[in-house]
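Worksheet for the structure shown next.
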Amino acid sequence: MISNQIIQNTIEGVKNISRVEICVMDVEGKVAATTFDDAVEYESAVISFVDSPADSQEVQGVQFFKVFDENHLEFVTLVKGDSEDIYMIGKITAFQLQSLLIAYKERYDKDNFIKNLLLDNMLLVDIYNRAKKLHIDTNVRRVVFIIESRDDNEVSEHDNNSLEVVRGLFASKTKDFITAVDEKNIIVVKEVLPTERYAELDKIAKTILDMLNTEAMANVHVAYGTIVEEIKEVSRSYKEAKMALDVGNIFYNDKSVIAYNNLGIGRLIYQLPMQLCSMFIKESFSSKSVSDFDEETLLTIVKFFENNLNVSETSRQLYIHRNTLVYRLDKIQKLTGLDLRAFDDAITFKIALMVSKYMQYLEEQAY
């Protein structure tokens with residue numbers, strides 16, 4: 001439904017051009033928007049006009065016009081002033097409001113369609129019938145982007161600002177759809193040209209990220225699924241984007257853009273059952289777990305992996321002597337039985353760390 005603020009902005013714009021006063025009331029005579037103060041005085045006149053068969057008439061020196069939405073009366077427009085063209089101005093205002101009603105209703109219908117499409121709430125036959133009715137192409141390439149706020153305390157006003165920034169970014173792309181399924185996620189269903197590949201999608205994701213950082217001051221990360229060929233497959237791209245978002249949050253929290261087709265080993269671990277994860281941790285760390293390592297040890301492990309098992313570079317970045325690093329690595333080997341300087345043991349340890357993160361994620365989701 002069109003908001004009163006949109007109506008207010010519209011009639012103020014008409015007033016600035018025409019120099020006439022305008023008021024819009026609902027069918028019960030309540031003011032929706034107005035540019036003059038004594039609008040409430042016309043309440044009874046509006047109610048009488050609603051019941052009359054006329055589409056327009058003059059009452060008490062004021063022109064009244066009915067505004068319909070598909071033959072259903074929605075509003076009454078009142079126009080008063082000294083202009084000789086007051087009738088024409090009133091008709092134009094009524095036509096503008098009627099056009100806005102249609103546009104917002106169509107946008108609302110499309111928004112609902114896209115949400116139900118993403119959530120798999122529609123039968124296959126309904127997807128194509130509704131798409132045809134809403135003039136949405138069914139056989140074009142599309143991909144789904146999910147934009148998630150990283151700030152748990154982000155207020156709704158900030159979220160709305162982010163949504164408007166994203167809509168503004170894709171405003172010229174009439175075949176793209178922007179919606180929000182919850183308070184933290186903005187969804188973009190984007191048409192993909194035949195010449196566009198995943199490199200272009202990555203650039204689009206980074207553009208979204210930069211725009212939200214600069215325009216909305218929002219801390220977000222962006223995930224996207226694979227390109228699909230038909231509208232019925234859009235929900236698959238959405239599920240892939242959601243999975244990419246989860247995998248990114250668990251394993252690659254330092255990345256702001258995550259693509260489903262580039263999840264690496266995180267994709268495999270994400271699909272492991274909890275029981276298998278527990279068995280692997282016990283095999284890898286014996287009786288130990290990641291929580292048994294102190295912060296200094298964990299930092300040493302992370303830096304050692306970041307520097308590709310290079311002892312000299314790791315000790316330099318940690319500002320410690322080489323022998324101190326060797327001592328720490330020996331200590332880790334005694335605790336776990338794994339020598340991080342050996343490639344096979346390093347791989348096992350790296351995977352075990354990722355599995356531990358995944359297990360922690362599953363435990364948090366359970367509560």
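Out of everything in the range 211-227 that is in contact with a strand residue (DSSP E or B) (Cβ under 6 Å, 6 or more places away or on another chain) and within 26 Å of residue 131 (Cα to Cα), what residue ends up being most open to solvent (accessible area, probe 1.4 Å)?
By that ranking, first place goes to 227.
For residue 36, state whether it is of a type in the set (Phe, Trp, Tyr) and touching a helix residue (DSSP H, G or I) at 6+ places or on another chain (Cβ under 6 Å).
Here the answer is no, as residue 36 does not meet what is asked.
Which of the residues belonging to the range 60-73 are at pLDDT below 90 and under 16 Å from residue 31 (Cβ atoms)? Don't jump to the end; show me each part of the working.
Kept after step one, since they are at pLDDT below 90, are these residues of the range 60-73: 60-61, 69-72.
The answer is none; no residue qualifies.
Please indicate, with yes or no, whether at least one residue in the range 294-302 is hydroxyl-bearing (Ser, Thr, Tyr) and open to solvent by 40 Å² or more (accessible area, probe 1.4 Å). Full working, then the answer.
Initial filter on the range 294-302 (hydroxyl-bearing (Ser, Thr, Tyr)): 297, 300.
Those left that are additionally open to solvent by 40 Å² or more (accessible area, probe 1.4 Å): none.
No, that holds for no residue.
Give the range 106-132 a look and list any residue that's closer than 30 Å to residue 76 by Cβ and either without any contact (Cβ under 8 Å) to a residue 24 or more places away in the chain or touching a strand residue (DSSP E or B) at 6+ places or on another chain (Cβ under 7 Å) (or both), or say none.
Matches in the range 106-132: 107, 110, 111, 112.
Anything in the range 21-32 that is without any contact (Cβ under 8 Å) to a residue 24 or more places away in the chain and charged (D, E, K, R)? List them, or say none.
Correct list: 28, 30.
Tell me, which residue of the range 236-280 that is open to solvent by 60 Å² or more (accessible area, probe 1.4 Å) and closer than 21 Å to residue 203 by Cβ is modelled with the lowest pLDDT?
Checked the range 236-280; the qualifying residue modelled with the lowest pLDDT is 254.
Any residue at all in the range 293-301 that's charged (D, E, K, R), at pLDDT below 95 and closer than 21 Å to residue 251 by Cβ?
yes
Quick one: what pairs do we get from the range 1-20, first residue of a type in the set (Ser, Thr, Tyr), second assigned to a helix (DSSP H, G or I) and surrounded by fewer than 19 Cβ atoms within 10 Å (Cβ to Cβ), C-beta under 6 Å, 6+ apart or different chains?
none
Take the residues of the range 308-353 that are assigned to a loop (DSSP other than H, G, I, E, B) and closer than 28 Å to residue 272 by Cβ: which is least open to solvent (accessible area, probe 1.4 Å)? Lay out the reasoning, then the answer.
First pass over the range 308-353, keeping only residues assigned to a loop (DSSP other than H, G, I, E, B): 308-310, 318-321, 337-342.
Applying the additional criterion that residues be closer than 28 Å to residue 272 by Cβ yields 308-309, 337-342.
Details: 308: 131, 309: 51, 337: 54, 338: 17, 339: 35, 340: 1, 341: 89, 342: 39 Å².
Per the criteria, the residue is 340.
Quick one: in the range 66-94, which of the residues that are out of contact with any strand residue (DSSP E or B) (no Cβ under 7 Å at 6 or more places or on another chain) and part of a strand (DSSP E or B) is least open to solvent (accessible area, probe 1.4 Å)?
69
Looking at the range 354-367, which of the residues that are among the polar types (S, T, N, Q) and surrounded by fewer than 16 Cβ atoms within 10 Å (Cβ to Cβ) is modelled with the lowest pLDDT?
Looking only at the range 354-367, we keep the residues that are among the polar types (S, T, N, Q), and these are 356, 360, 365.
Filter again for surrounded by fewer than 16 Cβ atoms within 10 Å (Cβ to Cβ), leaving 360, 365.
Values: 360: 87, 365: 79.
Filtering the range 354-367 for residues that are among the polar types (S, T, N, Q) and surrounded by fewer than 16 Cβ atoms within 10 Å (Cβ to Cβ), the one modelled with the lowest pLDDT comes out as 365.
The values are calculated or read from the model by the stated rules, or taken from the named source; none is laboratory data. Worth saying up front: this structure is predicted, and the values here are computed from it rather than measured. Heads up, the Cβs are rebuilt from the backbone with ideal geometry, glycines too, and the neighbour counts pull from every protein chain shown. For accessibility, only protein heavy atoms count, side chains too; no ligands or nucleic acids. Shrake-Rupley method; radii C 1.70, N 1.55, O 1.52, S 1.80 Å.
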